[in-house]
Structure formats: C-alpha cells, structure tokens
C-alpha cells in the first residue's frame, strides 16, 4: 500500500532555509561563557540546535545555578543580527529558493525562532512572500520542539491532517517533534556541526531519510508517496 499523499510541506527555518546557526553557536558560546556558564560552540550546537532560546536559557540556568542578566537575549541577538545582516542574500541555504519554488504542495514554516526573527531573515533571502502568513513560531504553543505541539499547530492552521504532512528538519529536536506528530520527516544535514555524523542522529530520531543538498528535495518529496 502506498503512503498517504503529501498535501503540506512544513519547513523548519534556521538550518533549513537560512544559514544562521553557525552565527548563533558562536555568539551563544561566547555570551554564556562570559555570564559564568562555560560552553564551547560544539556543545551549544549539539545540545541546543532546534531548541527555543527560552528553553535553552532555562536548562542552562538550572544546570549551572546561574541567573542570566535581564538583557542577555537582547545583547546576544544584536551580535547575531550584525553577522546575519552582513551575509545578505547569501544567508539562504544554497539551492533552497529553487527547491521551494519547485514544490507544488502547500508550504509553511514551523520554527523555534520568534516571529520578528523569522520575518527579518526570510525577507532578507526573498522567501517571506512565499510563506507568509503561514509562518508559525514556537511562541504560539505551550511546548516547543522536541514536543509535537508546533507541528500539530501548523497542520491545524493549514487544515491538513498530520499524516498528509511532510516536514523538512535539520535538528534532532525538530525531527523528534515531527515524528511524534505522526508526520513524515526528511532530515537535512548540510548545515549541521558535523554533517557526516549528523545523518544517523536524525535517522535515530525518526527521519525517514536524510539528504545534504537542497537540489534533492523536490525529488525526495515526490518519492515519499511512491
């Protein structure tokens, strides 16, 4: 029996549409260390990629017995903003604009990032008009990734059953949440800290397959229901 048709493709944003994650790892590691939470970029990347910043802060404050300054997020965000803006249109994941344009199904974004971030950087790479207003943030649900809430929220807003959704994710928390929502998941590895080792982690979390080149995405979506 063939799989159910795909009526909706749900994209993560950071690491799938935009290449912001390296800038985030660098800025977060430096800021945490300065605030008394010594972390390297690799630990930030492997533990917190795909996690909402509010959940990352809460976890680290509890682990280290530290209360981060009230303006911590604003100061880190300014550092990341400067690096991302400097990248210009090249902030886009290579090939992603053509890949998105070649997908005939309905499309939306479901991201751990906040709405202002999503509009700013999707606009910077020219994809905001493609997705808006169907851009959903973890601030809209009680529990962010790895919980399934955000993906189920996106499916409800798009009026598509979970089993007819396919998610494109680059993080273990994202794949875990999408799989828990009953959706098929393609795991993207190009933007990971260590792409060769990242694929098995995504498969273990529930991805149906992994890929490292956005040019492959339209074909993978066609094959998902064959």
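Points worth noting:
- Pairs, first surrounded by fewer than 17 Cβ atoms within 10 Å (Cβ to Cβ) in region 40-55, second not in a loop (DSSP other than H, G, I, E, B), C-beta under 7 Å, six or more apart: 40/29; 41/25; 41/26; 41/29
- All conditions in (1) in contact with a helix residue (DSSP H, G or I) (Cβ under 8 Å, 6 or more places away or on another chain); (2) surrounded by fewer than 16 Cβ atoms within 10 Å (Cβ to Cβ); (3) at pLDDT 90 or above hold for residue 33, with the sole exception of (1).
- Boolean, residue 175 is under 14 Å from residue 14 (Cα atoms), at pLDDT 95 or above and in contact with a helix residue (DSSP H, G or I) (Cβ under 6 Å, 6 or more places away or on another chain): yes
- Of residues in region 151-161 being without any contact (Cβ under 8 Å) to a residue 40 or more places away in the chain and not in a loop (DSSP other than H, G, I, E, B), the one surrounded by the most Cβ atoms within 10 Å (Cβ to Cβ): 152
- Within the set 104, 129, 89, the sole residue that is out of contact with any strand residue (DSSP E or B) (no Cβ under 7 Å at 6 or more places or on another chain), in contact (Cβ under 8 Å) with a residue 12 or more places away in the chain, at negative phi and loosely packed, with under 14 Cβ neighbours inside 10 Å turns out to be 89.
- Residue match in region 32-41 (condition: outside any helix (DSSP H, G or I) and within 20 Å of the chain's Cα centre (by Cα)): no
- In summary, residue 82 fulfils each of the numbered conditions (1) outside any loop (DSSP other than H, G, I, E, B); (2) touching a strand residue (DSSP E or B) at 6+ places or on another chain (Cβ under 6 Å) with the single exception of condition (2).
- Verdict on residue 205 being buried (at least 18 other Cβ atoms within 10 Å of the Cβ), closer than 20 Å to residue 225 by Cβ, modelled with pLDDT of 95 or more and in contact with a strand residue (DSSP E or B) (Cβ under 9 Å, 6 or more places away or on another chain): no
- Region 1-21, subset in contact (Cβ under 8 Å) with a residue 12 or more places away in the chain and over 13 Å from the mean Cα position of the chain (by Cα), residue farthest from residue 63 (Cα to Cα): 2
- Residue among 66, 16, 76 that is part of a loop (DSSP other than H, G, I, E, B) and surrounded by 15 or more Cβ atoms within 10 Å (Cβ to Cβ): 16
- Test: residue in region 52-60 that is part of a loop (DSSP other than H, G, I, E, B), on the phi < 0 side of the Ramachandran plot and not assigned by TED's automatic domain parsing to the domain that holds residue 178: yes
The values are calculated or read from the model by the stated rules, or taken from the named source; none is laboratory data. Remember, it's a predicted structure, so these values are computed and weren't measured experimentally. A quick note on method: Cβ atoms are made from the backbone with ideal geometry, for glycine too, and the neighbour counts reach across all protein chains shown.
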